[in-house]
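These notes concern the structure reproduced below.
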Amino acid sequence: MKNIGLYTSCILLAGLFPLVSLAAEESSGKRVTVGNPAEAAQLPAALQAAYSGGARDITIAPGTYVIPATGRSAIALVEWKDVRIAARGVSLVFEELAHRPFCLQRCEGVTLEGAVLRFASPAFTQGRIVTRGHDDRGDFLDWQIDAGFPVGLDPTKSTFDVADQKTRRIKAGTGDVGVQECESLGDRRFRLRSINGLLGSAAAGDWLFTRVTPCEPVVHLEGCSRCTMREVTLQNAGFAAFFETSGDGGHVYIGCKVAPGPKPAGATEDPLVGCGADGFHSAGVRTGPTIERCVWEGLLHDDCIAIHGALQKVEQVEANKLILEKGNRGNFVVGEPVRMSSQGGFFGEFTCKALRTLGDGRLELTLDRPSGAPTESKASNPRHNGAGFKILNCTLGNTRSRGILVKADHGLIEGNTISGCGMSAISIGPEYSWGEADYARHVTVRGNTLSENVLNGSAAGTILIHGDGAIGNADITIADNFFDRNYGQTAIHVAYTDGVRIATNRFIASPLLLPGKARTILHLE
């Protein structure tokens, strides 16, 4: 398109919106450039003015925008449709820590390209182990928070993990750590006692890190469909970096990154942590995400990628009617399936013929036939668990938890490089303790490289297919993966599954010793 110059147009909506520049030949408002880093606080209003004026191709002028706290989400796009926001060379720094700064609500076909978004302060803190000692009160550990990192936390209410002082990665042979007693010694230093968990070989000079509050997502897609995040980088994220909930989903994330932010003011150490909890979290979405060529850098304090729906407890059974606990967390819909299971069995899939909310808030479902499921069983809708997800050619790991945790049908996990996970590299199946659904069916795990995972040395597989007492998983393929020196006891652990194909995987055993523990390639139960 020819560049024939720019002019400035003032779009005034309710007297609040700042200047928006429009290309002269497109004065109808289809394409605009907005933003001025020197007036960063006006950027949210400028974006809304551009959209309200008819623009559907919006460019944010390059630069760093420090957007002040307002007590709410800084940028909230509500019911936007078929819009491209180009933000290459743009950094958005959000000083509002207690709210999700970039939110899409009930949007369709919105694309964000090239931006770097971060909280002004990290959602975690880190510090060195000064000494591990013993006195007349017992064992203790002295921990000193690195200069410039948050100090306003109660260590007795925190969960710590260990980063190796040489590699800056999760330290092998360690896991989650808690403490019951804490004494402040001054100068950001604490004496920790009554330590539980897996401190393992943690030594003076290693780091302990933990999340702090507030700990919010940076990007939240709520009730949206067909949105795209392209080459978007999130820093200093809390729970989670990218977060999508409800709606038709089908979102695409291409070339995105979750990474540590710059050094906080006064810091002498580089930040260790890329995200204070999950790097990507999908909950209750109809069509799962496509995540392609994305990278997770730094440490993560929870799963890199988590995709799931909700399990809802059955409180009463009356023939083909179920009375569920309050609400509709499972996203049940008339005409859609209801999957029933418990820790004592899998009862199959049924069809919801009717539903209504009772006077006390509980949900009544009428099924097409009696389920045979007992009270205290769980119900879910497999069409709202992120089915159809694809995780392709990503690089992830270095988390205290799992690399990929999925609980949905019709998925593909292919071509990824996963290393340094404290637990399993790939975990598939429900978790009743979290109420997260569900059993997974028709999932392929193919062509991935999995190295130095299960650092806590547990019996959980590097690839773990699991359930909670019922044979509910089905049609799982694990093929052409390369297992390279993983630390746990089992390479592939399959449980509660009807139909699994395992073929042409390659294995290199880890040289790391697990005293008193046997290793195996495959465990079936």
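The values are calculated or read from the model by the stated rules, or taken from the named source; none is laboratory data. Quantities reported herein were computed from a predicted structural model and do not represent experimental measurements. When we count neighbours, we look across all protein chains shown, and the Cβ atoms used for this are built from the backbone with ideal geometry, even at glycine. Only protein heavy atoms, including side chains, enter the accessible area calculation; ligands, DNA and RNA are left aside. Shrake-Rupley method; radii C 1.70, N 1.55, O 1.52, S 1.80 Å.
Failed condition for P374, given (1) open to solvent by 10 Å² or more (accessible area, probe 1.4 Å); (2) modelled with pLDDT of 95 or more; (3) not in a helix (DSSP H, G or I), with all others met?
Result: P374 passes all but (2).
For G335, are the conditions met, namely being closer than 30 Å to Q126 by Cα and modelled with pLDDT of 95 or more?
For G335, the condition - closer than 30 Å to Q126 by Cα and modelled with pLDDT of 95 or more - is not met.
Just to be sure before I move on: is G461 among the small types (G, A, S), touching a residue at least 40 places away in the same chain (Cβ under 8 Å), open to solvent by 20 Å² or more (accessible area, probe 1.4 Å) and touching a strand residue (DSSP E or B) at 6+ places or on another chain (Cβ under 9 Å) in the structure I sent? Lay out the reasoning, then the answer.
Values: among the small types (G, A, S): yes; touching a residue at least 40 places away in the same chain (Cβ under 8 Å): yes; open to solvent by 20 Å² or more (accessible area, probe 1.4 Å): no; touching a strand residue (DSSP E or B) at 6+ places or on another chain (Cβ under 9 Å): yes.
It is false that G461 is among the small types (G, A, S), touching a residue at least 40 places away in the same chain (Cβ under 8 Å), open to solvent by 20 Å² or more (accessible area, probe 1.4 Å) and touching a strand residue (DSSP E or B) at 6+ places or on another chain (Cβ under 9 Å).
Which residues, taken from region 64-82, are surrounded by 14 or more Cβ atoms within 10 Å (Cβ to Cβ), out of contact with any Cys (no Cβ under 8 Å at 6 or more places or on another chain), of a type outside the set (F, W, Y) and assigned to a strand (DSSP E or B)?
Passing the criteria: only I67.
Kindly list the number of the only condition in (1) under 20 Å from A474 (Cβ atoms); (2) buried (at least 18 other Cβ atoms within 10 Å of the Cβ); (3) not acidic (D, E) that fails for Q343.
Among (1) under 20 Å from A474 (Cβ atoms); (2) buried (at least 18 other Cβ atoms within 10 Å of the Cβ); (3) not acidic (D, E), the lone unmet condition for Q343 is (2).
Quick one: count up the residues across region 277-322 that are open to solvent by 20 Å² or more (accessible area, probe 1.4 Å), more than 26 Å from I254 (Cα to Cα) and not in a strand (DSSP E or B).
2
List pairs: first in region 74-93 and closer than 20 Å to A38 by Cα, second basic (K, R) and open to solvent by less than 60 Å² (accessible area, probe 1.4 Å), Cβ under 6 Å, 6+ apart or cross-chain?
Correct list of pairs: V93/R118.
Does region 88-100 include one or more residues that are touching a strand residue (DSSP E or B) at 6+ places or on another chain (Cβ under 6 Å), open to solvent by 50 Å² or more (accessible area, probe 1.4 Å) and among the hydroxyl-bearing types (S, T, Y)?
No: region 88-100 contains no residue that is touching a strand residue (DSSP E or B) at 6+ places or on another chain (Cβ under 6 Å), open to solvent by 50 Å² or more (accessible area, probe 1.4 Å) and among the hydroxyl-bearing types (S, T, Y).
For region 131-174, what are the residues that are closer than 23 Å to F119 by Cβ, among the small types (G, A, S) and surrounded by 13 or more Cβ atoms within 10 Å (Cβ to Cβ)?
A147, G148, S158, A163
Just name the residue that is nearest to P44 (Cα to Cα) out of those in region 102-157 that are part of a strand (DSSP E or B) and of a type in the set (K, R).
R118
Counting only residues that are in contact with a helix residue (DSSP H, G or I) (Cβ under 7 Å, 6 or more places away or on another chain) and either exposed (fewer than 15 other Cβ atoms within 10 Å of the Cβ) or under 16 Å from R369 (Cβ atoms) (or both), how many does region 323-340 have?
Within region 323-340, residues that are in contact with a helix residue (DSSP H, G or I) (Cβ under 7 Å, 6 or more places away or on another chain) and either exposed (fewer than 15 other Cβ atoms within 10 Å of the Cβ) or under 16 Å from R369 (Cβ atoms) (or both) number 3.
List every residue pair whose Cβ atoms lie under 6 Å apart, where the two residues are 6 or more positions apart in sequence or sit on different chains, the first residue falls within region 387-412 and is more than 18 Å from T449 (Cα to Cα) and open to solvent by 10 Å² or more (accessible area, probe 1.4 Å), and the second residue, located anywhere, is at pLDDT 95 or above and hydroxyl-bearing (S, T, Y).
That search, which allows pairs on different chains as well, returns G388/T287.
Could you check region 486-525 and list, in sequence order, the residues that are among the small types (G, A, S), in a strand (DSSP E or B) and more than 18 Å from T417 (Cα to Cα)? Steps first, please.
The first filter runs over region 486-525 and keeps only residues among the small types (G, A, S), leaving 488, 491, 495, 499, 503, 509-510, 516, 518.
Filter again for in a strand (DSSP E or B), leaving 491, 499, 503.
Matches in region 486-525: G499, A503.
Tell me which residues, restricted to region 239-276, are surrounded by fewer than 20 Cβ atoms within 10 Å (Cβ to Cβ), of a type in the set (D, E, K, R) and not in a loop (DSSP other than H, G, I, E, B).
Across region 239-276, the qualifying residue is only K257.
Just the residues that are out of contact with any Phe, Trp or Tyr (no Cβ under 9 Å at 6 or more places or on another chain), among the hydrophobic types (A, V, I, L, M, F, W, C) and part of a strand (DSSP E or B), please, taken from region 444-485.
V445, L464, I476, I478, A479, listed by residue number.
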